[in-house]
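The values are calculated or read from the model by the stated rules, or taken from the named source; none is laboratory data. All values derive from a computational prediction rather than experimental measurement. Here the Cβ is made from the backbone with ideal geometry for all residues, glycine too, and neighbour counts use every protein chain on show.
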Amino acid sequence: MKNLIRLILSLLVIEFVFSQSLAAQKDFGFKPAASNIQGSDFPKISVDKSVYVRLRAPEAIKVQVQGGDGFCPKPLDLVRDTAGNWNAIVPSVGPGFHYYWFTVDGVRVNDPGSDTYHGYGRPTGGIEIPIADEDFFTAKNVPHGDVREHWYYSDITGKWRRAFVYTPPEYDKNAKKKYPVLYLLHGAGENERGWSKQGHMSFILDNLIAEKRAVPMIVVMDNGYATAKDAPAASAGFSMRDMTKMAETLEQVYVKEIIPNIDLSYRTIPKREGRAMAGLSMGGMQTMLIGMSHLELFSYYGFFSGAIMGGIMDDPKTAFSGAFADAESFNKKVKLMWFGAGSGEAQFVKMVDDSKKKLEVLGIKPITYISQGTFHEWHTWRRHLNEFAPLLFK
């Protein structure tokens, strides 16, 4: 009888806590996230960027929420109310886009109230945290380009591959004009649609072009995973060894397949001065491994939170068959070396500083940028693209 009374009292306390929390939503300005599916009230975001999550799971015993860097890196317990809803408030979430998920009795599930994105190697929920006075990545009343789905068969991998290709607003109006190309790579656990869906790259480019801050360009977002057709599949953990091996195969795909295919299919400027390459995280490493081995193909390079130094370039004089050894020759070929990170990702800030110091000693002067208040997540890389693209093809 005493245990039953304790249980009833516990449930009443829980109900009271969350009734008070619901009542407080008005005071703290909780509103449904813009990334919710239509008609979904949760998750909600407050004026102080706290996130109210809710999952209905009346039969569950334990529910937790967890997400990427800047959201909730460690599991946070939810509390069950008498209606069978599990509730929690994640305090002071960082700005921009974040992946997140629930764990229900040990099973990872997505929030049915959120749209899904390809992250962490699978369809994963995500949330957009609004940022005051920052709209460079949003749709505006300006001419808009197109993002096209481009399929091609790869003899190297023995598979059909998909790339998304952005063409600037004017592309179809002048059938004779040719355009430079930015090859833009995604990160580990994501895929070729990440830059257009999570990154909003088309809106960023549309706005920059409309403001005449960037020249009209084509942007190619290919799949960053490539395994030779006779090789075993890479492990699901995306180890550095696996990523390096995939980069070696991807190098062949770029040199022999995707670049010739794009030059054949679109009105490009098919020379080094008309090509740039950039990537985030794993894509930054791939940009370094592929780009520095093929200075004949690209003149502009961007490394967005890229895993680029350390073991790869302990001695930049000898790295990549001596690509940096002759600074005068390198500077004639390469118009831009650009390194960026978010202030909340300490290891990548260190890599940016390390890269700059090592290259400057050799006589190569890179441009660096630190996104303030952001982490290893998409808003860092949106800002990177917004800073990087205006420097291209000038």
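Residue check: Tyr166 meets all listed conditions (1) surrounded by fewer than 19 Cβ atoms within 10 Å (Cβ to Cβ); (2) not in a loop (DSSP other than H, G, I, E, B); (3) not hydrophobic (A, V, I, L, M, F, W, C) but one, namely (1). Here Glu192 qualifies as closer than 16 Å to Thr287 by Cβ, in contact with a strand residue (DSSP E or B) (Cβ under 8 Å, 6 or more places away or on another chain) and charged (D, E, K, R). Under the condition of being surrounded by fewer than 23 Cβ atoms within 10 Å (Cβ to Cβ) and either at pLDDT below 90 or not polar (S, T, N, Q) (or both), the residues counted in the range 293-306 number 4. Going by the structure shown, is Ser299 touching a residue at least 24 places away in the same chain (Cβ under 8 Å) and within 24 Å of His200 (Cα to Cα)? Criteria not met by Ser299. Of the residues making up the range 104-132, those that are closer than 25 Å to Tyr225 by Cβ, at pLDDT below 95 and not in a strand (DSSP E or B) number 3.
Checking the condition assigned to a loop (DSSP other than H, G, I, E, B), in the same structural domain as Met282 (by TED's automatic domain parsing) and more than 20 Å from Met277 (Cβ to Cβ), which residue from Ala214, Ala228 passes? Exactly one residue qualifies, and that residue is Ala228. Could you grab me the full set of residues in the range 351-394 that are over 27 Å from Lys333 (Cβ atoms) and hydroxyl-bearing (Ser, Thr, Tyr)? Answer for the range 351-394, where residues must be over 27 Å from Lys333 (Cβ atoms) and hydroxyl-bearing (Ser, Thr, Tyr): Ser371, Thr374, Thr380. If you check Gly121, Gly84 for being under 23 Å from Gly189 (Cα atoms), among the small types (Gly, Ala, Ser) and surrounded by fewer than 19 Cβ atoms within 10 Å (Cβ to Cβ), only one passes: Gly121.
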